[in-house]
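Everything on this sheet refers to the single structure shown next.
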Amino acid sequence: MDGLLQDKVVVVTGAGSGVGRAAVELFVEHGAKVIAADIDLANAEATVATVGAGSAKALRCDVADPNSVDAVVAAAVETWGRLDVMYNNAGITVMPVPGNGLRRLTEAPADEMKRVEDVNINGVIYGCQAAIRQFERQGSPGVIVNTASVSGLIGYGGVVYGTTKAAVVGLTRTLAIEVADKGIRVNSVCPAGMLTHYSGMDPDSENKDRILESMRDTAAAAMFLASDLAANITGVNLPVDGGLTAGRKTGG
Ligand SMILES: NC(=O)c1ccc[n+]([C@@H]2O[C@H](COP(=O)([O-])OP(=O)(O)OC[C@H]3O[C@@H](n4cnc5c(N)ncnc54)[C@H](O)[C@@H]3O)[C@@H](O)[C@H]2O)c1
């Protein structure tokens, strides 16, 4: 039986760790050819090593640099002839230290805030631009999936980070409308805290199984939105949070 992304060409950003690595593994399992892009090339290569070089290629990419994002899309076309899915997943936060609580807005250094905005907002915008331009060039629509966060839906996860993720939520809705007539779909996944490297937790800790499960949950939601099963779904910001945004006290 064909996989959900059989023969689809996919770019995944932030593919060297966490959700991005889980997505590359799941997408390849479901038949995709993947460009695994990350600012950390060694980690992107480690991701590719888990799935095999026949199905994935690692590239260094800083999503905050539009030329770097364009180059990744060009590499997908050069390697596999087209682009079907752009998964804008790379993201960072201003909270580097686990256990210290969230940094208050008044304590956030300007240069750090700017970098978070550049990666989390502009990085997604550049990914959308590069993907739409390629969909237009190749004359067939494709799919964009962004990783936002429940922090973009409710007051959770810190002011600066939450603001950037709210921007991704708004971008997803407005862009979906702008490109709907071209048949291009744009959706996001909105995970809750997943205890990944990004959250300052050690993925090799005793929480390893739970961490991997959370990352796979988010990757699976992204794959559903990228697949033809979601052919009539666009402009949606899908919580992957165990009921947190519905009002449950603890997120999954
Ligand atoms: N971990 C959580 O609790 C959580 C919750 C909600 C949303 N998210 C979002 O999920 C996404 C993935 O996060 P994760 O938890 O897997 O984190 P992670 O740190 O494990 O992975 C993020 C990856 O992005 C890469 N990256 C960072 N800056 C980059 C840049 N400028 N260009 C390209 N790659 C870059 C990192 O090298 C890393 O490999 C992010 O957008 C994050 O905001 C995470």
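The values are calculated or read from the model by the stated rules, or taken from the named source; none is laboratory data. Quick caveat, the model's predicted, so the values are computed rather than measured. Neighbour counts are summed over all protein chains in view; Cβ atoms, including those assigned to glycine, are modelled from backbone coordinates with ideal geometry. In case anyone asks, the SASA skips ligands and DNA or RNA and just uses the protein heavy atoms, side chains included. Shrake-Rupley method; radii C 1.70, N 1.55, O 1.52, S 1.80 Å.
Of the residues that make up the range 124-142, is at least one modelled with pLDDT of 95 or more, more than 19 Å from residue 226 (Cβ to Cβ) and not in a helix (DSSP H, G or I)?
There is at least one residue in the range 124-142 that is modelled with pLDDT of 95 or more, more than 19 Å from residue 226 (Cβ to Cβ) and not in a helix (DSSP H, G or I).
So which residues in the range 8-26 are touching a Ser or Thr at 6+ places or on another chain (Cβ under 9 Å) and of a type in the set (A, V, I, L, M, F, W, C)?
Correct list: 9, 12, 15, 19, 22, 23, 24.
Just checking, does the range 51-58 include any residue being within 15 Å of the ligand (Cβ to nearest atom), of a type in the set (Val, Ile, Thr) and modelled with pLDDT of 95 or more?
Within the range 51-58 (the criterion being within 15 Å of the ligand (Cβ to nearest atom), of a type in the set (Val, Ile, Thr) and modelled with pLDDT of 95 or more), the answer is no, since none of the residues qualifies.
Which pairs do you get when a residue that is of a type in the set (S, T, N, Q), found in the range 27-54, comes within reach of a residue that is in a helix (DSSP H, G or I) and surrounded by 14 or more Cβ atoms within 10 Å (Cβ to Cβ), reach meaning Cβ atoms under 7 angstrom, with the pair 6+ apart or on two chains?
47/21; 47/24; 50/25
Report whether or not residue 108 is open to solvent by less than 20 Å² (accessible area, probe 1.4 Å), more than 10 Å from the ligand (Cβ to nearest atom), at negative phi and over 19 Å from the mean Cα position of the chain (by Cα).
Spelling it out, residue 108 is indeed open to solvent by less than 20 Å² (accessible area, probe 1.4 Å), more than 10 Å from the ligand (Cβ to nearest atom), at negative phi and over 19 Å from the mean Cα position of the chain (by Cα).
Go over the candidates 85, 77, 63 one by one and state the one that is open to solvent by less than 10 Å² (accessible area, probe 1.4 Å) and either at pLDDT 95 or above or under 21 Å from residue 30 (Cβ atoms) (or both).
Among 85, 77, 63, only 85 is open to solvent by less than 10 Å² (accessible area, probe 1.4 Å) and either at pLDDT 95 or above or under 21 Å from residue 30 (Cβ atoms) (or both).
Taking the range 40-60 as the search range and keeping residues that are among the hydroxyl-bearing types (Ser, Thr, Tyr) and more than 17 Å from the chain's Cα centre (by Cα), which one is least open to solvent (accessible area, probe 1.4 Å)?
Applying the filter and picking the extreme gives 55.
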